[in-house]
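Here is the structure we will look at, set down as C-alpha cells.
The values are calculated or read from the model by the stated rules, or taken from the named source; none is laboratory data. Just so it is clear, the structure is predicted and the values come from calculations on it, not from any experiment. FYI the Cβ positions are ideal-geometry reconstructions off the backbone, even for glycines, and counts take in every protein chain you see. For the accessible areas, the whole protein counts, side chains as well, though only heavy atoms, and no ligand, DNA or RNA atoms are used. Shrake-Rupley method; radii C 1.70, N 1.55, O 1.52, S 1.80 Å.
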Amino acid sequence: MCGIVGYIGKRHALPIILDGLKRLEYRGYDSSGVAILTDDGLIVRRKKGKIKDLIEVVGHETINGTTGLGHTRWATHGKPSDENAHPHRAGDVVVIHNGIIENYTELRAMLKDRGHHFKSETDTEIIAHLIEDHIKSGEPFEQAVLASVNQLRGSFALGVLYAKNPDKLIAVREASPLVLGFGNSENIFASDMPAILPYTNKMLFMNDGTMAVITAEDVKLFDFTGSPLPVNPKQFDISPAMAEKGGYKHFMQKEIFEQPQAITDTMRDRLLFDKKEIDLKEAGIDGKIMHALKRINFVACGTSYHAGLTGKYIIEEMTGIPVDVDVASEFRYKTPLVGNETLTIAISQSGETADTLAALRLAKKHGSHVLSICNVIDSTIARESDHVLYTHAGPEISVASTKAFTAQLITIYLLAIHIGRGLGRISKQQAAVYIDTLVTIPSLLDTLLKQEDLLVSIAKEYARYSDFLYLGRGISYPVALEGALKLKEISYVHAEGYPAGEIKHGPIALVNKDMPVVFIAVKGKVYEKIKNNMEEVKARDGKIISFTNTGNNEIQNLSDSFFLLPEIDELFTPILSIVPLQLLAYHIAVINGTDVDQPKNLAKSVTVE
Ligand code: M6R
C-alpha cells in the first residue's frame, strides 16, 4: 500500500524517482508526487491519478537536482486528490509515507495549538509538521526525526528531506517495508526491490524501529533511541528484467506464463529426482518436532489463503495430521489454540501483509513453531518466522497473484511429502510416485498454456455476463474460490466460489440463463457427484463452462463450453486447473477493458490492517 522512493547521488534524481514509482505503481495508484532539491530550492509536484498524469505535469518543466523523494499512493486517510497526494511539506521539511498513523488526530490538534496549518486530510501531513516543530525548537535534523517517530503510533515507512540539510535523506521503518540500495557514490531507498534493481543489487531490508541517515557516499543506521546499528547489505541475485513485462501485454499475463519456470525453480535442489527424495531440511521440522505435532494451521490472506485451503487437503491426505486454515485477519483476534505441538504456517507472496504478520506473531507468542512460505526474500514475515521456505517464483508485480499461488502449492506438496516420509506415513514407493508426478507438472503446464486461444474464445463468449458461480468439490473447491477471486478482482464482475455440493442449500436459487456456472470437474473421488450438480444447473438453464479431463464425454455433453485438462493424480489437480481459470479471468478483463495489472481499489502488498 503506497510506494516510496528516495534518491541521493550524482545523477538527475527526477527520472530515477519517476522510473522507481512506475515500478512500484502496483503498490498504489490513485495519486503520486515528487520532491526534488534544486539550485532554485525545493520543488514539489503532486497529481491525482496514475504516474503518467504526474509525468505529464513534470514533463513540461526543467527540474534538475540530484536529491529527491517520490510517492505513489493507495488512499487510507483522505480521498485521492492533488492535495492529499504525497510528498507533504511543512516549511523546508518534506515527507513521504507508507502506512497509517493511528494517533494522528491528537497530534494534529496539538500541532494546531502550536500554530501549524494543514492543507490536506491525510495523517501523513502531521509528520512533516511534527519534524518541522522539533527543528524550530532547535533540534538538528536527525534528532528532530527521531523525536517525531517516537511520538507516532501505527505503521510507517518514511522518507524525509530537509532542504536546509541538502546532503542527506532520512528513511525510517516501523511496520511498513523499506529497502536500502547501496550504489557507487549514490544511494537509493524504496518500498520494494524493483525500484532499486536498475541501479544496484546490493541491498538491505530495514528492520522495524530503525532509521537510516543516507548521503551519496554513506548509509548509517540507528534504532529509535539513536544508538548506532551495524550496516550489513547483501548482494541479491535478481535482474531488473525479471521485474519487466518482456513483450507481454500485462504483467499478469507474463506471470501466468512464467509458472512452469517458477515451479521448476521452487522444486530445484529440494526434489532429488535420482534418489526419489525430498530434501527440506531448511524447513526446520526435524523428527522431534514432527513426532510431537498434533496440528498444523495455515494463516494467510486472499490468494495465499486459498493456497492454505488447498494445503489442508494435501497435508491431511499425505500426513494424517489435522490441518486448520484461518484467514489471518480473523486469526489475529481469536483466542489462538496453538502451542508447541502446533506448526503455524504463514503463507505470503509479499511477506509483508500486515494481518498475516500479526497472526504469525500471535502464534509465536503462544509457543507455536512458525514456518513461513514467502516469495520475497528477507521480507518481514520471512525474517520473523522460525524457518522459511521461499517460493522461487521471481518478482510478482501484477496485483492479481498467479505464479506465487502455484509456487506456494508446490512448496506445500514438498513439505507434505517431507513430513509424511518423516512420520513414516508415506512409503518410499509412494514418495517416488509423488515425486514422479511433481516433475511432470512444468511440462503439463506448458501444454496447457499453449491453448490460450481456446480460453480467449470462451472469454469472448462470456465477457458480457455480470454474475458467475464457480463450483468445485473436494480439492477443487479452493480452486473454485481462487478462480472466482481472480475474475472479480481484475474484471469487477461478480463471481462467487462455492462447494458444488452446497448449491442446493441456497445458491441454486440464483441459477438461470444469465448465470454462467464454472465447474472444476476433474476425475477423482467426487466425479460422479459433480456430474449430478451439473445436471441440477442444466435443468435450470444455467450456462455451464467446465474444466475437465479428456474422455469425460458426459461432462462435455452437459457443458456449453469446456476446456480439457491433462490427467494427473487428483491430489495434484489444483496446480493444473487453476491456470486456465487465471487465463479466463485475464481475457475477460482484457475484453472488458479494465486495468488488469492495477485494478481499482486494490494494492499488491497490504501493509495496513
Ligand atoms: O502478499 P500476500 O500473499 O500476503 O498477499 C495476500 C493477498 O493480499 C493477495 O493474495 C491478494 O488477495 C491478491 N490480490 C490476490 O490476487
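The figures follow:
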{"read-out": "Distance (nanometres) between label positions extended 7 Å along Cα→Cβ at residue 494 and residue 249", "value": "2.7 nm"}
{"read-out": "Extreme residue, positive dipole direction of the chain, given options 91, 145, 163 (C-beta unit charges)", "value": "145"}
{"read-out": "Long-range amide H partners of residue 31 with built H, under 5 Å", "value": "49, 73"}
{"read-out": "Segment residue 292-residue 274, extension gain: residue separation times 0.36 nm, minus the distance between their alpha carbons", "value": "3.4 nm"}
{"read-out": "Loop-located trypsin sites (Lys or Arg not before Pro) in the range 10-57, at most 15 other Cβ atoms within 10 Å (DSSP)", "value": "10, 11"}
{"read-out": "Under 17 Å from the Cα of residue 234 - lysines, other chains or at least 8 residues apart", "value": "202, 220"}
{"read-out": "Hydrodynamic radius by Kirkwood, which averages 1/r over all alpha carbon pairs of the range 146-199, in angstrom", "value": "12.5 Å"}
{"read-out": "Solvent-accessible area per residue for the chain (1.4 angstrom probe, square angstrom)", "value": "37 Å²"}
{"read-out": "Charge dipole (debye, nearest 20) of the chain; +1 at Cβ of Lys and Arg, -1 at Cβ of Asp and Glu", "value": "460 debye"}
{"read-out": "Portion, in percent, of the accessible area of the range 3-243 that falls on carbon or sulfur, probe 1.4 Å", "value": "49 percent"}
{"read-out": "Portion, in percent, of the accessible area of the range 452-592 that falls on carbon or sulfur, probe 1.4 Å", "value": "48 percent"}
{"read-out": "Mean separation of Cα contacts under 8 Å (6+ apart) over length of the range 452-592, as relative contact order %", "value": "32 percent"}
{"read-out": "Shape call, the range 452-592: gyration tensor on alpha carbons, a/c limit 1.5", "value": "rounded"}
{"read-out": "Cα lying deepest toward the dipole's positive end in the chain, options 479, 70, 188, charges on Cβ", "value": "479"}
{"read-out": "Sparsely packed chymotrypsin sites (Phe, Trp or Tyr not before Pro) within the range 268-348, loop by DSSP, other Cβ within 10 Å at most 13", "value": "273, 333"}
{"read-out": "Mean residue ellipticity (222 nm) of the chain, computed from DSSP H runs ≥ 4 via -39,500 (n - 2.57), nearest 500", "value": "-11000 deg cm²/dmol"}
{"read-out": "Within the range 3-243: Cβ-based charge dipole about Cα centre, in debye rounded to nearest 20 (Lys, Arg +1; Asp, Glu -1)", "value": "380 debye"}
{"read-out": "Under the Karplus curve 6.51 cos²θ - 1.76 cosθ + 1.60, θ = phi - 60°, whole-Hz ³J(HN,Hα) for the range 403-415, x wherever Gly or Pro sits", "value": "5, 5, 4, 5, 5, 5, 4, 4, 4, 5, 4, 4, 5"}
{"read-out": "Set of lysines near residue 112 by C-alpha distance (under 19 Å), chain-local residues within fewer than 8 positions excluded", "value": "136"}
{"read-out": "Local net charge near residue 103, Cβ-Cβ under 11 Å (Lys/Arg +1, Asp/Glu -1)", "value": "-1"}
{"read-out": "Extension reserve of the residue 525-residue 11 stretch, reckoned as 0.36 nm per residue once the Cα distance is removed", "value": "178.8 nm"}
{"read-out": "Listed pairs 168/604; 164/600; 460/604; 450/600 exceeding 32 Å between Cα atoms", "value": "164/600"}
{"read-out": "Estimated vicinal HN-Hα couplings, Hz - the range 249-262 in sequence order (Karplus 6.51, -1.76, 1.60; Gly, Pro = x)", "value": "6, 9, 4, 4, 5, 4, 6, 4, 6, 7, 4, x, 5, 4"}
{"read-out": "Under 5 Å, built H, 5+ apart or other chain: amide partners of residue 325", "value": "298"}
{"read-out": "Note, ³J(HN,Hα) from phi for the range 433-447, Karplus 6.51, -1.76, 1.60, rounded to Hz, x at Gly and Pro", "value": "5, 4, 5, 4, 5, 4, 5, 7, 4, x, 6, 4, 5, 4, 4"}
{"read-out": "Helix axis angle, 573-592 relative to the chain longest principal axis, alpha carbon, degrees", "value": "60 degrees"}
{"read-out": "Low-density loop cleavage sites - GluC sites (Glu not before Pro) in the range 324-412, where at most 16 other Cβ are within 10 Å (DSSP)", "value": "341"}
{"read-out": "Using a Förster distance of 22 Å, the FRET efficiency for residue 234-residue 185 (Cβ separation, nearest 0.05)", "value": "0.60"}
{"read-out": "Virtual spin-label span in nm between residue 208 and residue 446, 7 Å along Cα→Cβ", "value": "4.4 nm"}
{"read-out": "Residue 136-residue 103 FRET efficiency (beta carbon distance; Förster radius 30 Å; 0.05 resolution)", "value": "0.90"}
{"read-out": "Alpha-carbon centroid distance for the pair the range 409-473 / the range 210-272, whole angstrom", "value": "27 Å"}
{"read-out": "Residues whose placed amide H lies under 5 Å from that of residue 346, excluding near-sequence neighbours", "value": "299, 371, 372, 373"}
